[in-house]
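What follows is one structure encoded as structure tokens, with my remarks underneath.
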Amino acid sequence: MPEVYLDHYAATQVLPEVVDAMQPLLRDGFGNPSSLHGWGDSAREALEAAREKVAALIGANPAEIIFTSCGTEANNTAVKGIAGAAKKKGNHLVISAIEHFSVMHSARTLEKSGFEVATVGVDEYGMVNPEEVRAAIRQDTVLVSIMTANGETGTVQPIEEIAEIAKAKGVPFHTDAVAAAGSIPLDVNDLGVDALSLASDLMYGPKGVGALWVRKGLRMMPLLDGGVQEGGRRGGTENVPGIVGMGTAAELAAEHMDERAAYLSSMRDALIEKLPAAIPHLNLTGHPARRLPWNASFVVEFIEGEGMLLFLNMQGIAVSSGSACTSRALKGSHVLSACGIPAEVARGSLLFSFGLDNKPEDVDYVLEVLPPIVQRLREMSPLYDKFLKSGGDQNSDVQ
Amino acid sequence: MIKIATYSETVMDHFMNPRNVGEIEDADGIGEVGNPVCGDMMTFYVKVDDEDRLNDVKFKTFGCGAAIAVSSMVSEMAKGKTLDEAMQIGRKDVADQLGGLPDNKMHCSNLGADALHKAIEDYRNKKKES
């Protein structure tokens, strides 16, 4: 049976070059980069070389990169740290309705300590309207945080336009680029942002490493108080092997970005073109054109995502879903809900995230395996039954 | 086959090969529970013989793997039982027969017994009216 991994938004493979780069740091290169001796020196050199590679991926100054333990920590640090440092100036933040939980829940935590949070919505394609951000900014707004691209829908946001608005209003702008970094070209100066989060494990690096870039001069409180590691902005001895892995992953991503994007988007586009033709009442979610090269996301009407995931897994295909049943909290995706997708339709969410290990034949295999699974689950579904009895395809008014 | 730790083997068996899926055209009783927006949805159909026994039970379910397995198990447990016996089938009995369900699925997906009981009540109400 083929094994087709199509869940790269959950985790990517660690490339062999990355593993090779990490290994020496787990053996002889175990030193602490803060130590003043030879062991410390070589660890520090490895750390700083990785910092340069990560900075180069986003066109940043290496001195402005802070390594963290993951994308979630980078987002927590940015949102809580920048807002917290500006508390005397104001207590208002602007975020979007499709932010990752690490931004959204950081904002909720700030609310408990007296901040107000304005949440701008998105259109049916999951796109933020920059004018709504403009309207949401107030005199006392101390931070705008809007993600670069959403991993669930693939939609790439108009970051330059939002950055221009924030800049004109004098408000720092953070963007969560965890889903986008390494997949699409990003240059912090072209984007015009003030802070940007990224993570290693969505760009073929190891888990447990992330980075936050913060423009020089922007005040930010550390999330982890400790020593003067990372310029005093993040306490704790650095995860040198992981960071070196992220550095190599970032270097490879920068070097091969165009060819990777062309390869991934060819498979993405084939699936987006052929799947709706093979399965009726299946719709693309996210923006049809402005989307991440690896993301093909859909909603399948009348059935629940988990059943599809279980059957696909039996056939060797790994995907994910934003359905309530597949989340541990049993809550449906806030992203699909923000796009205006009705709750019962969002329950049939399917997210295919392509990666470098995929082959064009994988798309054919999905096209062969998925339609009978959907048919089988629909035959069990009382919702499909009602749809057919209400006139089925002759009557588009479902319910 | 790739094993999934979330569900027991019995749950996976009933999910992959659900027993008694479908609809009974001339059902004696129909029970529907849940709603598709926030939970699972199940419809049970029952056929009752002269001795007040369930001689046929079928279902349709919208929901996760657990919801489908629960429906299948309930239909199997109920078939051949008297109405009074079938009314005694509880949520816990179903979960036990399935070799357990994940904690977070105990409430939202374990609605099969409720749907069966509703179908039986529907039959009894219709009988009273006639």
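The values are calculated or read from the model by the stated rules, or taken from the named source; none is laboratory data. Quick caveat, the model's predicted, so the values are computed rather than measured. Quick reminder, even Gly has a Cβ in these numbers, built from the backbone with ideal geometry, and neighbours come from all protein chains shown. Areas reflect the complete protein model, heavy atoms only, side chains present, ligands, DNA and RNA absent. Shrake-Rupley method; radii C 1.70, N 1.55, O 1.52, S 1.80 Å.
Observations on the structure shown:
- Number of positions in the stretch B:86-130 that are within 14 Å of chain A (Cβ to nearest Cβ), open to solvent by less than 60 Å² (accessible area, probe 1.4 Å) and farther than 22 Å from B:S8 by Cα: 2
- Single condition A:V363 does not satisfy, out of (1) modelled with pLDDT of 95 or more; (2) surrounded by fewer than 21 Cβ atoms within 10 Å (Cβ to Cβ): (2)
- Counting residues in the stretch A:157-178 that are among the small types (G, A, S), closer than 29 Å to A:G114 by Cα and assigned to a loop (DSSP other than H, G, I, E, B) gives one or more.
- Looking only at the stretch A:118-156, residues that are out of contact with any Leu (no Cβ under 8 Å at 6 or more places or on another chain), of a type in the set (D, E) and either under 20 Å from A:F298 (Cα atoms) or open to solvent by 50 Å² or more (accessible area, probe 1.4 Å) (or both) come to 4 in all.
- For the stretch A:232-255, a residue qualifies if it is in contact with a helix residue (DSSP H, G or I) (Cβ under 9 Å, 6 or more places away or on another chain), without any contact (Cβ under 8 Å) to a residue 40 or more places away in the chain and assigned to a helix (DSSP H, G or I), but none of them does.
- Checked against (1) part of a strand (DSSP E or B); (2) away from chain A (no Cβ under 13 Å), B:V33 passes all but a single condition, namely (2).
- Number of positions in the stretch B:36-77 that are part of a loop (DSSP other than H, G, I, E, B), among the charged types (D, E, K, R) and either in contact with a Phe, Trp or Tyr (Cβ under 6 Å, 6 or more places away or on another chain) or more than 8 Å from chain A (Cβ to nearest Cβ) (or both): 4
- In the stretch B:31-57, the residues that are open to solvent by 60 Å² or more (accessible area, probe 1.4 Å) form Cβ pairs under 7 Å with partners that are acidic (D, E), at six or more places apart or across chains, as follows: B:V37/A:E344; B:N55/B:D49.
- Unique match (being of a type in the set (A, V, I, L, M, F, W, C), within 30 Å of A:D225 (Cβ to Cβ), touching a Gly at 6+ places or on another chain (Cβ under 7 Å) and crowded, with 18+ Cβ neighbours inside 10 Å) among A:A60, A:A46, A:A21: A:A46
- Residues within the stretch B:13-25 that are open to solvent by 20 Å² or more (accessible area, probe 1.4 Å), more than 20 Å from A:L383 (Cβ to Cβ) and either in a helix (DSSP H, G or I) or within 8 Å of chain A (Cβ to nearest Cβ) (or both), tallied: 2
- Residue satisfying all of: in the stretch A:1-59; of a type in the set (K, R) and free of Cβ contacts under 8 Å to residues at least 40 places away in the same chain; nearest to A:L310 (Cα to Cα) among these: A:R27
- Condition met for A:I341 (at pLDDT 95 or above, open to solvent by 10 Å² or more (accessible area, probe 1.4 Å) and β-branched (V, I, T)): yes
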